Amino acid sequence: MPEADGKVVLITGASSGIGEATARILAAAGHLVVLGARRVDRIEVLAKEIRAEGGNAEYHALDVTSLEDTQAFAAHALERHERIDVLVNNAGVMPLSRLDALAVQDWDQMIDVNIRGVLYGIAAVLPSMRERGQGHIVNLASVSGHRVDPTAAVYSATKYAVRAISEGLRQESRDIRVTVISPGLTRSELTDGISDNDIREAVRDSMREAIPASAIGAAIQYAITQPQQVDVNEIVVRPTVQG
Ligand code: NDP
């Protein structure tokens, strides 16, 4: 069980980067974290490490492109804890390329993970949150949800979509809090998915300015620990040196 004022927090894409850092921060603050990702070996080890440090962590295999999987992830938490206080829709991919490279499979993957995955997460938790009359959905967008750069047209489109979906959910809700977290350059494994060598190396070069993933975890912690009547709608967190 979480500590007295601790929350039950589901985190998608908890096997690396921002999801992993957020899990460590929230667990250290007394929340119970339920970790989801495809690389189950990673989240199993992470859950063990969190428990060894006195925290509460569970894990569940999750592919956010599957509605069934995402519902099973939420059901796991509901069966054990009878509530989901927070869903962090963090899973995301960023296989950047120019549009004329016609990397259609990568476009589909970004749409499936970054948009459908977020919608499936909402579908999995919204009914029980509505029933309880409270809950908090935190969606990871990006600075790329505010601006478009070459090679990032589709990635940006997915992150603009995350902001649009979040704003729609916020306007439809008087009970559920909705927060968008828009990171700038943040250290993680996100660039591993870029197959074009030149683009990957250019992005990795800019990543020398990146802030640690824990900076984003701290922003998420801030948003979820505000009083119930306070809904932090969006936080943009960039490296100070990022243009
Ligand atoms: P990482 O690549 O380190 O983490 C991405 C996570 O998403 C992994 O845990 C991965 O787990 C998970 N994931 C990918 N596909 C799926 C899937 N189909 N089902 C379930 N989980 C999946 O990158 P970040 O930590 O940087 O990314 C986290 C979020 O932050 C993303 O939404 C990203 O777009 C956003 N972001 C990151 C920025 C940065 O500079 N790092 C800047 C702006 C936004 P697994 O492979 O095990 O399934």
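Which residues, counting only those in segment 127-147, are surrounded by fewer than 21 Cβ atoms within 10 Å (Cβ to Cβ), within 14 Å of the ligand (Cβ to nearest atom) and either part of a loop (DSSP other than H, G, I, E, B) or among the acidic types (Asp, Glu) (or both)?
HIS146, ARG147
State yes or no: is ALA29 in contact (Cβ under 8 Å) with a residue 40 or more places away in the chain, closer than 29 Å to TYR155 by Cβ, more than 15 Å from the ligand (Cβ to nearest atom) and among the hydrophobic types (A, V, I, L, M, F, W, C)?
When the stated conditions are applied, ALA29 does not pass them.
Scan segment 200-243 residue by residue and report those that are part of a helix (DSSP H, G or I) and closer than 21 Å to LEU10 by Cβ.
Passing the criteria: ALA213, SER214, ILE216, GLY217, ALA218, ALA219, ILE220, GLN221, TYR222, ALA223, ILE224.
Please work out which residue is farthest from the ligand (Cβ to nearest atom), limiting yourself to segment 181-199 and to residues that are part of a loop (DSSP other than H, G, I, E, B) and among the polar types (S, T, N, Q).
Per the criteria, the residue is SER195.
Take the residues in segment 116-126 that are of a type in the set (Gly, Ala, Ser) and surrounded by 19 or more Cβ atoms within 10 Å (Cβ to Cβ), then tell me which one is nearest to the ligand (Cβ to nearest atom).
The first filter runs over segment 116-126 and keeps only residues of a type in the set (Gly, Ala, Ser), leaving 117, 121, 123-124.
Keeping just the survivors that are surrounded by 19 or more Cβ atoms within 10 Å (Cβ to Cβ) gives 117, 121, 124.
Details: GLY117: 6, GLY121: 10, ALA124: 13 Å.
The selected residue is GLY117.
Within the group THR70, THR65, which residue is open to solvent by less than 20 Å² (accessible area, probe 1.4 Å), within 13 Å of the ligand (Cβ to nearest atom) and not aliphatic (A, V, I, L, M)?
Numbers: THR65 fails: open to solvent by less than 20 Å² (accessible area, probe 1.4 Å).
After applying the criteria, what remains is THR70.
I'd like the full set of residues that are part of a helix (DSSP H, G or I) and hydrophobic (A, V, I, L, M, F, W, C), limited to segment 148-180.
Pass one, segment 148-180, residues part of a helix (DSSP H, G or I): 153-172.
Within segment 148-180, ALA153, VAL154, ALA157, ALA161, VAL162, ALA164, ILE165, LEU169 qualify.
Evaluate the following for VAL113: is it open to solvent by less than 30 Å² (accessible area, probe 1.4 Å) and β-branched (Val, Ile, Thr)?
Yes, satisfied.
Could you run through segment 151-165 and say how many residues are out of contact with any Leu (no Cβ under 9 Å at 6 or more places or on another chain), without any contact (Cβ under 8 Å) to a residue 60 or more places away in the chain and either more than 14 Å from the ligand (Cβ to nearest atom) or over 18 Å from ASP108 (Cβ atoms) (or both)?
Total satisfying the criteria: 1.
Any chance you could count how many residues in segment 219-243 are among the small types (Gly, Ala, Ser) and open to solvent by 50 Å² or more (accessible area, probe 1.4 Å)?
Of the residues in segment 219-243, 1 are among the small types (Gly, Ala, Ser) and open to solvent by 50 Å² or more (accessible area, probe 1.4 Å).
Can GLY6 be described as surrounded by 19 or more Cβ atoms within 10 Å (Cβ to Cβ) and either away from the ligand (no atom under 13 Å from the Cβ) or closer than 23 Å to SER182 by Cα (or both)? Write out each step before concluding.
On the way: surrounded by 19 or more Cβ atoms within 10 Å (Cβ to Cβ): no; either away from the ligand (no atom under 13 Å from the Cβ) or closer than 23 Å to SER182 by Cα (or both): yes.
It is false that GLY6 is surrounded by 19 or more Cβ atoms within 10 Å (Cβ to Cβ) and either away from the ligand (no atom under 13 Å from the Cβ) or closer than 23 Å to SER182 by Cα (or both).
Can you find, within segment 166-180, the residue that is nearest to ALA141 (Cα to Cα) among those that are in contact with a helix residue (DSSP H, G or I) (Cβ under 8 Å, 6 or more places away or on another chain) and within 14 Å of the ligand (Cβ to nearest atom)?
By that ranking, first place goes to VAL180.
The values are calculated or read from the model by the stated rules, or taken from the named source; none is laboratory data. Given the structure is predicted, the values throughout are model-derived calculations rather than measurements. All Cβ positions, even for glycine, are placed from backbone atoms using ideal geometry, and neighbour counts span all protein chains on display. Ligands, DNA and RNA are stripped out before the accessible areas are found, and what is left, the full protein with its side chains, is counted by its heavy atoms. Shrake-Rupley method; radii C 1.70, N 1.55, O 1.52, S 1.80 Å.
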